[in-house]
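The values are calculated or read from the model by the stated rules, or taken from the named source; none is laboratory data. Source: prediction; values computed, not measured. Because the Cβ atoms are built from the backbone with ideal geometry, glycine has one as well, and the counts that use them run over all protein chains shown. SASA here: full protein model, heavy atoms, side chains in, ligands and nucleic acids out. Shrake-Rupley method; radii C 1.70, N 1.55, O 1.52, S 1.80 Å.
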Amino acid sequence: MEWEPEQEGLRQILTLLKESQSPDTATQRAVQQKLEELNKYPDFNNYLIFVLTKLVTEEEPTRSLSGLILKNNVKAHYNSFLPEVAEFIKRECLSAVGDPSPLIRATVGIIITTIASKGELTSWPELLPALCQMLDSQDYNVCEGAFGALQKICEDTAELLDSDALNRPLNVLIPKFLQFFRHSSPKIRCHAIACVNYFIMGRTQALMLHIDSFIENLFHLAADEDPDVRKNVCHALVLLLEVRLDRLIPHLPNIIEYMLIRTQDPEEGVALEACEFWLSLAEQNVCREVLGPRLPALLPVLVRGMRYSEMDIILLRGDRDDDADDAEPDRESDIRPRFHKPRSHTVKHNAGAGDSNMSGGGESDDEDEGGADADDGSLSDWNLRKCSAAALDVLANVFGADLLPVLFPILKETLFHEDWVIKESGILALGAVADGCMGGMVPHLPDLVPYLVCCLAERKALVRAITCWTLSRYSHWIVSQSHDLYLRPVMTELLKRVLDNNKRVQEAACSAFATLEEEACTELVPYLGHILQTLVYAFSKYQHKNLLILYDAIGTLADSVGHHLNKPEYINLLMPPLITKWNVLKDEDKDLFPLLECLSSVATALQSGFLPYCEPVFRRCVSLIEQTLNQNIANSQSPEQFEAPDKDFMIVALDLLSGLAEGLDGHIDHLVHNSNLMQLLYQCMRDPMPEVRQSSFALLGDLTKACFQHVHMYIPDFLPILGMNLNPELISVCNNATWAIGEISIKLGPETSKYIPLVLSHLVDIINRPNTPKTLLENTAITIGRLGYVCPHDVAPVLHQFVRQWCTSLRNIRDNDEKDSAFRGICQMIQVNPGGVVPDFMFFCDAVASWSHPKDDLKDMFTKILHGFKNQVGEENWRRFTDQFPVQLSARLSAMCGI
């Protein structure tokens, strides 16, 4: 018997569907509740599919809504549907694939693909053959509906379609799709290309067999009149460039010409898809060779693409001369979530030792790609402007200074144009090439930087904003020149923009100033008073969104000038507004994150100057950690009653405590003594979330240095946890655990011996692992050295397993206490096991030569080892050995150790 709905049930459901379209939230809530209750009836879903596919008298939006509710039920409960219900839904879907209404066809397609993605492709064997057969239908609706459903299936289950589980249906589907590239309907052509595109990245065998026919068909559609078809053609070529460059090489000159035209397509969607091509091409080795001759054609197109569109200007209110908006309250929707970057312990490098990232943060610093995000925070969607700027950025990195002869005429034309929109795009272009073309730009910067400083006073806010960003991209050069000529004027004008009346300019100026601070470091000390007055004044001026960026600028300032901030007049300027905000914010307010991060930097910099503020700050951090842990326990015991906590509160609090411990050193002792911090820390160290563990280990290391007596009794509990976290898959966690072990061993001394079996083999594995990041290698080497320093007899037997890696890892770091204790350790291990270093003695000599000013007793240890080695092998062998040394190395060693 075919299932039939009861009229009363049908009437009820239709009433619900109508009510659910009401704008009233109370009505919507009541509807939700009734729908949940109706789910208890086994044939409720039959009614839903019936309304969608059979009730043609109803309005389309009502029928479609019925289908979407069914889709959600399939997603949530499909496995508990009765078999006859599931069969009825499948049958009805297939019968309605060709519904005359595009909306109903699309909804049916969504239900089909949701059932398919439930693993049902295997137990619905008739689905793909049925859809395939419908493609050949003479009825356009049937063909289009089947294609729409297939496109969704290809998107959701691409891998399954190429698997033996289904007898590789792609072998049939791909040739079938290719036939439709020349169909008379643009919608069908579009579906066909989109379906094939899902299989390019996986290098699917079925597609690779037909790759030439695919490329040939794409070329046939290159000038299609339908923008969606052109967009899909561009997308296909971008993907093929990444996956099958070999097949495109013979056609590349033609493809480049084609993409040049499409990057200027009147439809922005097509132009954006085509512009992605230049980003992909820049990653290929052939880029210089194939694109070099076409730069004169491409660069003007990219710089034109960097202009704000008319729509952007309306949305950003960029055309108003009166652009003061700082009195308008921020919309919460404009404030993007910020992500806290937990503390990572790093080692300072020798300047110029081939290490460009002096901040060493372990992970790469997040640069704004080519101005892509520098300009319009609230319009953060990827668009043609951002893609063009990013493309210019990556091409500048490929071509370097060779790009400039082509770019300069364009810049001359744009930078001095009277139309502000064109001028603004030129300033963005100037910033986009800063990274890749710096060497070639240097001769022009004495003229360009003063020009940009003038642009900071332009009438249009969007020009002032982008100028802030572009100047920040040249801050390395600005800082290295005469202060009077460059740094001071740039800083003075940027600080004026920090107090601009336009919020977008405030944001850009604050971010640019933070970048300048990172480059300038202590060069800023003479100007601290003026800088602080400006930043503190901004507190009273800024709305919510920009306050968060202001905290960052203050924290960066503290990181950059360090203890120079510790002067009563600076503290009296800076601390009152920060503490006022601290008192106003509630414990559950996420604005605490950036404020705590900022205070962490300030506490580290102010050192004893932070003492008057430390007690309430310490207490609140401990309380935040405790609240988060308690809420976590409550949630794991009864999840329906208690929400899971946001662990960022705990992470940021741990990091601020680290800042306090580092800044206040021994002064933190009584605070730790009068709190339950150590017990809480033990819980945090075992948290399943890596970022929590990462920050816990950083705090453990800082507390070990500041007040070891409170850590000491917990060592038997803490060290096994540290040992278990020496997993290089989680770089930052492993890094901080390694560093903490080294700090503990220095304080614990020979007592460390019993814990060495827990950690040593892991550390040796990490130092010998290929592709280990430099920061982790350095920390691992220092910790191994420190373990050898306190327990040489426990570590020396495996010296030969790590000594070469150890020496190469530490040759670039600056002289400091960590390096000192590590080298004492290696010397002691060599004395215990001299044979362990013999095959790699040259590396040891090189590492010794990396010292600028070792302490006298350490220098004696080096001298003793070198002379001992020389005496051991004899004059002749020693000469043969040292003849292999680079000249510089011999000179350094003879100066240091008289050898």
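Condition check ((1) over 20 Å from Glu662 (Cβ atoms); (2) hydrophobic (A, V, I, L, M, F, W, C); (3) open to solvent by less than 40 Å² (accessible area, probe 1.4 Å)) across all residues:
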| residue | (1), (2), (3) |
| --- | --- |
| Leu573 | yes, yes, no |
| Pro576 | yes, no, no |
| Lys581 | yes, no, no |
| Val584 | yes, yes, no |
| Cys598 | no, yes, yes |
| Ala605 | no, yes, yes |
| Cys614 | no, yes, yes |
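The sole residue among Leu68, Leu131, Leu127 that is open to solvent by 50 Å² or more (accessible area, probe 1.4 Å) and under 28 Å from Ala158 (Cβ atoms) is Leu68. Residues in segment 736-788 that are farther than 27 Å from Leu654 by Cβ and among the basic types (Lys, Arg): Lys754, Arg769. Within the set Lys819, Lys870, the sole residue that is assigned to a helix (DSSP H, G or I), in contact with a strand residue (DSSP E or B) (Cβ under 8 Å, 6 or more places away or on another chain) and either buried (at least 16 other Cβ atoms within 10 Å of the Cβ) or modelled with pLDDT under 90 (or both) turns out to be Lys819.
The rows are residues; the columns are (1) farther than 30 Å from Gly436 by Cβ; (2) out of contact with any Leu (no Cβ under 9 Å at 6 or more places or on another chain).
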site: Phe214; (1), (2): yes, no
site: Arg244; (1), (2): no, yes
site: Ile249; (1), (2): no, yes
site: Pro253; (1), (2): no, yes
site: Thr263; (1), (2): no, no
site: Leu299; (1), (2): no, no
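Can you pull out the residues in segment 844-857 that are surrounded by fewer than 17 Cβ atoms within 10 Å (Cβ to Cβ) and either aliphatic (A, V, I, L, M) or part of a helix (DSSP H, G or I) (or both)? Lay out the reasoning, then the answer.
Step one: list which residues in segment 844-857 are surrounded by fewer than 17 Cβ atoms within 10 Å (Cβ to Cβ), which gives 852-853, 855-857.
Of everything in segment 844-857, those that are surrounded by fewer than 17 Cβ atoms within 10 Å (Cβ to Cβ) and either aliphatic (A, V, I, L, M) or part of a helix (DSSP H, G or I) (or both) turn out to be Asp856, Asp857.
Suppose the filter is under 24 Å from Ala106 (Cβ atoms) and surrounded by 12 or more Cβ atoms within 10 Å (Cβ to Cβ); does Val56 pass it? Break it down stepwise before answering.
On the way: under 24 Å from Ala106 (Cβ atoms): yes; surrounded by 12 or more Cβ atoms within 10 Å (Cβ to Cβ): no.
Criteria not met by Val56.
Glu37 fulfils the conditions (1) outside any helix (DSSP H, G or I); (2) within 26 Å of Pro83 (Cα to Cα); (3) not β-branched (Val, Ile, Thr) except for a single criterion, (1).
For Val85, are the conditions met, namely being buried (at least 16 other Cβ atoms within 10 Å of the Cβ), of a type in the set (Val, Ile, Thr) and over 17 Å from Glu2 (Cβ atoms)? The answer is no for Val85. Residue pairs whose Cβ atoms lie under 8 Å apart, separated by 6 or more positions or on different chains, with the first residue in segment 197-209 and open to solvent by less than 30 Å² (accessible area, probe 1.4 Å) and the second among the β-branched types (Val, Ile, Thr), are Phe199/Ile174; Ile200/Val243; Thr204/Ile174; Ala206/Ile174; Leu207/Ile174; Leu207/Val196; Leu207/Ile200.
Tell me, yes or no, whether segment 9-27 has at least one residue that is assigned to a helix (DSSP H, G or I), under 30 Å from Pro129 (Cα atoms), hydrophobic (A, V, I, L, M, F, W, C) and open to solvent by less than 50 Å² (accessible area, probe 1.4 Å). Taking every residue of segment 9-27 in turn, none turns out to be assigned to a helix (DSSP H, G or I), under 30 Å from Pro129 (Cα atoms), hydrophobic (A, V, I, L, M, F, W, C) and open to solvent by less than 50 Å² (accessible area, probe 1.4 Å). What do you reckon, is Ile466 open to solvent by less than 10 Å² (accessible area, probe 1.4 Å), free of Cβ contacts under 8 Å to residues at least 60 places away in the same chain, within 19 Å of Arg385 (Cα to Cα) and part of a helix (DSSP H, G or I)? Against the criterion (open to solvent by less than 10 Å² (accessible area, probe 1.4 Å), free of Cβ contacts under 8 Å to residues at least 60 places away in the same chain, within 19 Å of Arg385 (Cα to Cα) and part of a helix (DSSP H, G or I)), Ile466 does not qualify. Hey, can you tell me all the residues within segment 216-239 that are surrounded by fewer than 20 Cβ atoms within 10 Å (Cβ to Cβ) and within 16 Å of Ser280 (Cβ to Cβ)? Within segment 216-239, His235, Leu239 qualify. Only helices (runs of 4 or more DSSP H) whose full extent lies in segment 241-285 are considered here, and the ones with at least 3 residues that are over 23 Å from Gly202 (Cβ atoms) are 252-262, 268-282.
Only one of the numbered conditions (1) in contact with a Lys or Arg (Cβ under 8 Å, 6 or more places away or on another chain); (2) modelled with pLDDT of 95 or more; (3) aliphatic (A, V, I, L, M) is violated by Ala661, and that is (2).
The single residue among Asp139, Asp156, Asp212 that is in contact (Cβ under 8 Å) with a residue 40 or more places away in the chain and loosely packed, with under 14 Cβ neighbours inside 10 Å turns out to be Asp139.
Among helices (runs of 4 or more DSSP H) entirely within segment 648-730, having at least 1 residues that are open to solvent by 10 Å² or more (accessible area, probe 1.4 Å), among the acidic types (Asp, Glu) and in contact (Cβ under 8 Å) with a residue 60 or more places away in the chain singles out 648-664, 690-706.
Could you say whether any residue in segment 650-671 is over 23 Å from His710 (Cβ atoms) and out of contact with any strand residue (DSSP E or B) (no Cβ under 9 Å at 6 or more places or on another chain)?
If we filter segment 650-671 for residues that are over 23 Å from His710 (Cβ atoms), which is where we start, we get none.
Looking for residues that are over 23 Å from His710 (Cβ atoms) and out of contact with any strand residue (DSSP E or B) (no Cβ under 9 Å at 6 or more places or on another chain), one finds none in segment 650-671, hence no.
Just the residues that are in a helix (DSSP H, G or I) and open to solvent by less than 30 Å² (accessible area, probe 1.4 Å), please, taken from segment 883-895. Once the filter is applied, which keeps residues that are in a helix (DSSP H, G or I) and open to solvent by less than 30 Å² (accessible area, probe 1.4 Å), segment 883-895 yields Leu889, Leu893. Applying the criterion of being surrounded by fewer than 20 Cβ atoms within 10 Å (Cβ to Cβ) and among the hydroxyl-bearing types (Ser, Thr, Tyr) to the residues of segment 535-555, the residue that is modelled with the highest pLDDT is Tyr537.
Residues that are open to solvent by less than 20 Å² (accessible area, probe 1.4 Å) and acidic (Asp, Glu) within segment 415-434 comprise just one, Glu424. If you go through segment 636-647 and keep only what is part of a loop (DSSP other than H, G, I, E, B) and of a type outside the set (A, V, I, L, M, F, W, C), you end up with Ser638, Pro639, Glu640, Gln641, Glu643, Pro645, Asp646, Lys647. Taking Thr808, is it touching a residue at least 24 places away in the same chain (Cβ under 8 Å), open to solvent by 40 Å² or more (accessible area, probe 1.4 Å) and under 19 Å from Phe843 (Cβ atoms)? Against the criterion (touching a residue at least 24 places away in the same chain (Cβ under 8 Å), open to solvent by 40 Å² or more (accessible area, probe 1.4 Å) and under 19 Å from Phe843 (Cβ atoms)), Thr808 qualifies.
Scanning segment 240-271 for residues that are among the polar types (S, T, N, Q) and crowded, with 17+ Cβ neighbours inside 10 Å yields a count of 1.
Within segment 406-420, the only residue that satisfies the criterion of being in a helix (DSSP H, G or I) and over 18 Å from Leu392 (Cβ atoms) is Trp420. Among the numbered conditions (1) in contact with a helix residue (DSSP H, G or I) (Cβ under 6 Å, 6 or more places away or on another chain); (2) crowded, with 22+ Cβ neighbours inside 10 Å; (3) farther than 18 Å from Asp226 by Cα; (4) of a type outside the set (Gly, Ala, Ser), the only one that Leu173 does not meet is (1).
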